[in-house]
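A.B. asks: Sharing a structure here in C-alpha cells format.
The values are calculated or read from the model by the stated rules, or taken from the named source; none is laboratory data. Bear in mind that the values here come from a model prediction, so they are computed numbers and not experimental data. Note: ideal-geometry Cβ built from the backbone for every residue, glycine included; neighbour counts use all protein chains shown.
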Amino acid sequence: MHRTRIMAGLVVPVAAAGSLVLAPTGAAAHEGGDGDLKEVRMFDDCEQVSFNRMFGAGTCVGDGETILDEFISQLLATAPSGVPNVDGWEFEPSDVRLDADKGLRAVNRGGEFHTFTKVKAFGGGCVDEAPVLSGPQKPVPECKDKDVFELTGAPPGHDVVVRGLKAGTHRFECLIHPWMRTTVVVRAHH
C-alpha cells in the first residue's frame, strides 16, 4: 500500500508494508516528541562554506565546525576498520527500547540531509559517487529501492515517523552516512 504526504512542497509516497509505516512528516513538530513516540536525533557537524563549495549551495545549512577536509581525513583514517566514522555524525540514542504500541520520531537536528532507514542488517550506504563513505562494506539491499531517500529522508529540521514495529530487534541507519545507526528493541505486550 502506498500513500502520499506533502513534504517541503513536494508530494512523496509514504511506505506502508503490512503495519509498518515510515513517513517523512515535514518540519519537526515537537521538541520532545509525542507521548507515543520516542525521539531519535540525527546529528552532524558540517561546516557550511567547505561543504557547500564542494557539493553545492544548500548541502549544509547547519552551524557545524567540521570542515570538509577534516571530514574526509576522519573517513579515510577509520575506513580500514570496516566501518568508517566521523565524529559528530550520529543517531542519538544508538540503542532504543520501545513498547510495541509506541513509535519513533527521528528528528534531523543537523545541517545535512539524512535518512532514517530500516535495514535488515547494518552495512554500507547508497552514495555511489563517494564509496569511501561505506568503506569496505557493501551497500545494504535497501539501496535498491529507488524511492528510499524520499520515503525515509529528512532535510535539516524535518523528521521521519516510524510506527507499527513488531516485537523484536530493528536496525536503522543513514544511507548516506552509514555509521549513523540505531538499534531498536521492541518489547511485546504482556
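A.B. asks: Can you run down the residue pairs with Cβ atoms below 8 Å, 6 or more apart or on separate chains, where the first is in the range 60-79 and within 15 Å of Glu112 (Cβ to Cβ) and among the acidic types (Asp, Glu) and the partner is at pLDDT 95 or above and not in a helix (DSSP H, G or I)?
C.D. replies: Final answer for the pair search is Asp63/Gly111; Glu65/Asp45; Glu65/Glu47.
A.B. asks: Determine whether the range 136-146 contains at least one residue that is touching a strand residue (DSSP E or B) at 6+ places or on another chain (Cβ under 7 Å) and within 28 Å of Asp63 (Cα to Cα). Even if it seems obvious, please write down each step before you answer.
C.D. replies: Let us first name the residues in the range 136-146 that are touching a strand residue (DSSP E or B) at 6+ places or on another chain (Cβ under 7 Å), namely 137-140, 142.
Subset that is within 28 Å of Asp63 (Cα to Cα): none.
No: the range 136-146 contains no residue that is touching a strand residue (DSSP E or B) at 6+ places or on another chain (Cβ under 7 Å) and within 28 Å of Asp63 (Cα to Cα).
A.B. asks: Is it the case that Val12 is modelled with pLDDT under 95, farther than 22 Å from Thr182 by Cβ and either part of a helix (DSSP H, G or I) or touching an Asp or Glu at 6+ places or on another chain (Cβ under 8 Å) (or both)?
C.D. replies: yes
A.B. asks: Looking at the range 123-142, which of the residues that are hydrophobic (A, V, I, L, M, F, W, C) and touching an Asp or Glu at 6+ places or on another chain (Cβ under 9 Å) is modelled with the lowest pLDDT? Spell out the reasoning first.
C.D. replies: If we filter the range 123-142 for residues that are hydrophobic (A, V, I, L, M, F, W, C), which is where we start, we get 126-127, 130, 132-133, 140.
Now drop any that are not touching an Asp or Glu at 6+ places or on another chain (Cβ under 9 Å), which leaves 126, 140.
Numbers: Cys126: 93, Val140: 96.
Going through the qualifying residues, I end up with Cys126.
A.B. asks: If you don't mind, there's one more thing I want to ask. Is it the case that Phe51 is of a type in the set (Phe, Trp, Tyr), touching a strand residue (DSSP E or B) at 6+ places or on another chain (Cβ under 7 Å) and either more than 23 Å from Gly168 (Cβ to Cβ) or without any contact (Cβ under 8 Å) to a residue 24 or more places away in the chain (or both)?
C.D. replies: Details: of a type in the set (Phe, Trp, Tyr): yes; touching a strand residue (DSSP E or B) at 6+ places or on another chain (Cβ under 7 Å): no; either more than 23 Å from Gly168 (Cβ to Cβ) or without any contact (Cβ under 8 Å) to a residue 24 or more places away in the chain (or both): yes.
No; evaluated as a whole, the condition is false for this residue.
A.B. asks: Turning to a different aspect of this structure: Select from the range 152-168 the residues that are part of a strand (DSSP E or B) and of a type outside the set (A, V, I, L, M) and write down the one among them that is surrounded by the most Cβ atoms within 10 Å (Cβ to Cβ).
C.D. replies: Asp159
A.B. asks: Can you find a residue that is in contact with a helix residue (DSSP H, G or I) (Cβ under 8 Å, 6 or more places away or on another chain), closer than 16 Å to Leu37 by Cβ, surrounded by 23 or more Cβ atoms within 10 Å (Cβ to Cβ) and among the aliphatic types (A, V, I, L, M) anywhere in the range 169-178?
C.D. replies: Within the range 169-178, not a single residue is in contact with a helix residue (DSSP H, G or I) (Cβ under 8 Å, 6 or more places away or on another chain), closer than 16 Å to Leu37 by Cβ, surrounded by 23 or more Cβ atoms within 10 Å (Cβ to Cβ) and among the aliphatic types (A, V, I, L, M).
A.B. asks: Does Asp99 meet the test of being surrounded by fewer than 22 Cβ atoms within 10 Å (Cβ to Cβ) and farther than 28 Å from Ser50 by Cβ?
C.D. replies: Criteria met by Asp99.
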